[in-house]
Amino acid sequence: MKNLSFFDKLIYLLNSILAILLLLSYLLPFISPKNIPVLAVLSLLVPVFIIINLLFAIYWLVKLKKQVLLSTIALIIGLVFSAPFYKISEKNSAFNSDIKVMSYNVKSFDWFYSTKEKKAEKNGFEFISKENPDLLLIQEYYQSSKIQLKFPYKYIKIHQNSSNFGMAIYSKFKIINSGSLELKNTNNNIIFVDVLKEKDTIRIYNLHLESLKIKPNEENFGEENSEKLIKRIETSFEKQADQTALFLSHQKNWKGKQIIGGDFNNTAYSWVYNQIVKNKKDAFVDAGKGFGKTYNYFFPTRIDFIVTDSTAIINKFETASVSYSDHFPILSKISWPN
């Protein structure tokens with residue numbers, strides 16, 4: 001520190017604060033929002049902490065200062081103990097037994113007919129048809145005569161407080177069982193189906209956990225009182241914790257093959273994600289590449305997931321960068337050993 005200029009001392013002080021916050025954030029997956037809800041807010045900022053610490057490390061490296069170790073060590077610890085922020089390599093293989101799964105928050109199909117996309121697809125339904133998934137998990141479904149989805153089987157659950165809004169699972173495989181967890185005091189829900197693929201019965205869960213009600217792309221974002229905003233986010237995280245506990249209680253009774261998809265409204269650095277993915281496989285972690293960004297925002301935000309039981313083989317994962325919603329659809333090819 002003695003050899004640093006006054007400016008660099010200030011930079012190192014800020015660096016220290018951000019490095020400590022990053023290190024603390026690695027503990028968030030193990031702390032329930034029910035216990036310390038304000039800490040859960042930090043899970044949304046982990047990608048920011050990672051990028052800032054990377055910039056600090058580059059800054060000190062260019063200046064050939066030993067202070068480079070602070071952020072470098074914090075980042076390395078994250079590589080070992082935390083969910084990946086960026087994937088360099090990917091898997092892209094195919095088996096005849098693959099199930100192609102798409103999970104998509106369609107935002108009530110609001111933009112499916114008005115997009116800036118310049119590709120050949122005319123609308124979002126043609127995009128889905130072109131991708132041709134075996135299973136399609138939809139969040140923020142809206143019942144409409146304009147829906148153009150051709151699957152032999154489907155389970156649509158309209159929310160009890162709405163005549164049109166809900167969730168849906170479309171399938172090429174016969175649905176032999178279906179149900180809803182009927183989340184209370186919310187417009188969100190968790191639904192499931194059991195599908196029959198040859199001799200296998202596979203449980204499919206579609207999750208849409210409590211929304212944080214953050215609209216960063218709206219003009220009035222940032223005008224709201226920060227204390228009020230944080231309190232609302234804390235309340236949403238607490239609801240997510242209750243919803244996750246309900247899901248896990250239901251899910252533990254299923255011992256067979258399973259696929260879990262949906263909009264968790266939380267990041268891979270959260271308690272919610274850690275609880276759901278524990279002893280399972282995150283398709284992005286196994287086979288994805290890049291940031292895995294699923295929310296249409298300038299910052300790489302991954303809040304939509306496809307998860308399987310631990311015996312599954314993830315052969316492919318991708319995020320489709322199409323602007324038919326405020327979320328990007330995610331797709332994965334999944335199989336199981338014979």
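Each reported figure results from applying straightforward, stated rules to the coordinates on display, with no laboratory input. Quick caveat: nothing in here was measured; it's all calculated off a predicted structure. No Cβ is skipped: glycine too gets one built from the backbone with ideal geometry, and neighbour counts run over all protein chains shown.
In the chain, the ratio of gyration radius to Kirkwood radius, Rg to Rh, stands at 1.00 when only Cα atoms are counted. Among beta bridges identified by DSSP and lying wholly in the stretch 91-199, the antiparallel ones come to about 80 percent. In plain terms, the bigger the Kirkwood radius, the slower the diffusion; for the stretch 98-206, with that radius from Cα pairs, at 37 °C and 0.692 mPa s, Stokes-Einstein puts D at 224 µm²/s. Spatially, the stretch 257-287 and the stretch 1-77 are offset by 25 Å when compared through their Cα centroids. Running a GNM on the chain with Cα contacts under 10 Å, which residue among LEU70, LEU21, LEU13 ends up with the highest mean-square fluctuation? Of the options given, LEU13 has the highest mean-square fluctuation. Structure remark: mean-square fluctuation, Gaussian network model of the chain, C-alpha springs under 10 Å; the largest value among LYS184, LYS199, LYS100 belongs to LYS199. For the stretch 1-133, the calculated P(r) over all alpha carbon pairs, in 5 Å bins from 0 to the bin holding the longest distance, is 2, 8, 13, 12, 10, 11, 11, 11, 10, 6, 4, 2, 0 percent. Of the cross-linked pairs LYS146/LYS278; LYS34/LYS257; LYS199/LYS333; LYS146/LYS199; LYS87/LYS146; LYS63/LYS293, those separated by over 28 Å at the C-alpha level are LYS146/LYS278; LYS34/LYS257; LYS146/LYS199; LYS87/LYS146; LYS63/LYS293. Toward the positive end of the charge dipole of the chain, with +1 on the Cβ of Lys and Arg and -1 on the Cβ of Asp and Glu, the farthest Cα among GLY256, SER178, GLN160 is that of GLY256.
Charge dipole (Cα centre; +1 on Lys/Arg Cβ, -1 on Asp/Glu Cβ; no other charges) of the chain amounts to roughly 640 debye. When a/c is below 1.5 the answer is rounded, else prolate if a/b is larger than b/c, else oblate, so apply that to the stretch 122-183 with a ≥ b ≥ c taken from the square roots of the Cα gyration tensor eigenvalues. Cα axes put the stretch 122-183 in the oblate bin.
With the biggest extent put first, the Cα atoms of the stretch 27-96 measure 52, 42, 17 Å across the principal axes. With the helix formula -39500 (n - 2.57) applied to DSSP H stretches of n ≥ 4, the chain reaches a computed 222 nm mean residue ellipticity of -9500 deg cm²/dmol.
For the stretch 99-335, the relative contact order works out to 21 percent when only alpha carbon pairs closer than 8 Å and six or more residues apart are counted.
Sparsely packed loop sites in the stretch 1-34 (the trypsin sites (Lys or Arg not before Pro) outside DSSP H, G, I, E and B with at most 13 other Cβ atoms within 10 Å) comprise LYS2.
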